[in-house]
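Peer 1: Mind looking over this structure? Questions follow.
All of the numbers you see were taken from the coordinates with simple rules; none came from a lab. This is a predicted model, so every value here is computed, not measured. Cβ coordinates were reconstructed from backbone atoms using ideal geometry, including for glycine residues, and neighbour counts include every protein chain displayed.
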Amino acid sequence: MKHKKNRISLNLKHRLVANGVKVIDESVTLRRVFEKHGGICQGCQDPTVLGIHPQVPKSATIEHIIPISMGGEHTWENVTLLCYECNRLQNEKIQKQEAQRTKTKSLRLLGYEITIQWRAA
Ligand SMILES: [Zn+2]
């Protein structure tokens, strides 16, 4: 019998730290998130597959409910199980929302053309 991993991989930890995640609960592993949800994708309700190539459509992935890029934490409260497909769709949706929130305005000030860009809250 294979020994179950009880902590997140060093690889994932490095990636989270590199992305500026402040709170990392090391007990939140893909395997445990998978088991918590019975392997069911919380997006499309299809069964996901653990331990296959991560970019196969029904591959199990950890989804951060508040995205890491928006200050989300790697904790039980902030993770759910999504298949790769749903995860990708979710990411596209977030990127689209981000893009929509970025406003650009050009104005002429004292003869200079100034372009300002800001994010609407
Ligand atoms: Zn799904």
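Peer 1: Report, in debye and to the nearest 20, how large the dipole of region 10-119 comes out about its Cα centre when Lys and Arg carry +1 and Asp and Glu carry -1 on their Cβ.
Peer 2: The calculated dipole for region 10-119 is roughly 420 debye.
Peer 1: Return the unpartnered cysteines for the chain, using a Cβ-Cβ cut-off of under 4.7 Å.
Peer 2: C44, C86, each lacking another Cys Cβ under 4.7 Å.
Peer 1: Taking the Cβ of each residue in T102, T80 as the centre, tally the other Cβ atoms inside 10 Å and list the residues starting with the fewest.
Peer 2: Ordered by Cβ neighbours within 10 Å, fewest first: T102, T80.
Peer 1: Also, quick follow-up: With a cut-off of 8 Å between alpha carbons and a minimum separation of six or more residues, what is the relative contact order of the chain in percent?
Peer 2: It rounds to 20 percent for the chain.
Peer 1: For region 46-89 and region 14-44, compute the distance between their C-alpha centroids and round to whole Å.
Peer 2: 7
Peer 1: Quote the FRET efficiency, to the nearest 0.05, computed for E26 versus W118 with a Förster distance R0 of 35 Å and r equal to the Cβ-Cβ distance.
Peer 2: 0.40
Peer 1: Could you tally up the Lys pairs in region 10-119 with alpha carbons closer than 21 Å? Skip any pair fewer than 8 positions apart unless they're on separate chains.
Peer 2: Number of lysine pairs found: 6.
Peer 1: How big is Rg to Rh over the chain, alpha-carbon atoms, Rh as the Kirkwood inverse-mean-distance radius?
Peer 2: My calculation of the ratio gives 1.15.
Peer 1: If I fit a long axis through the Cα atoms of helix 84-101 and take the longest principal axis of the Cα atoms of the chain, what angle between them do I get, 0 to 90°, rounded to 10?
Peer 2: Taking the Cα atoms of the chain, the angle to 84-101 is about 20 degrees.
Peer 1: Taking amide H positions as placed in the peptide plane 1.01 Å from N, state which residues far from D25 in sequence (5 or more) or on other chains have amide H under 5 Å from it.
Peer 2: Correct list: H74, T75.
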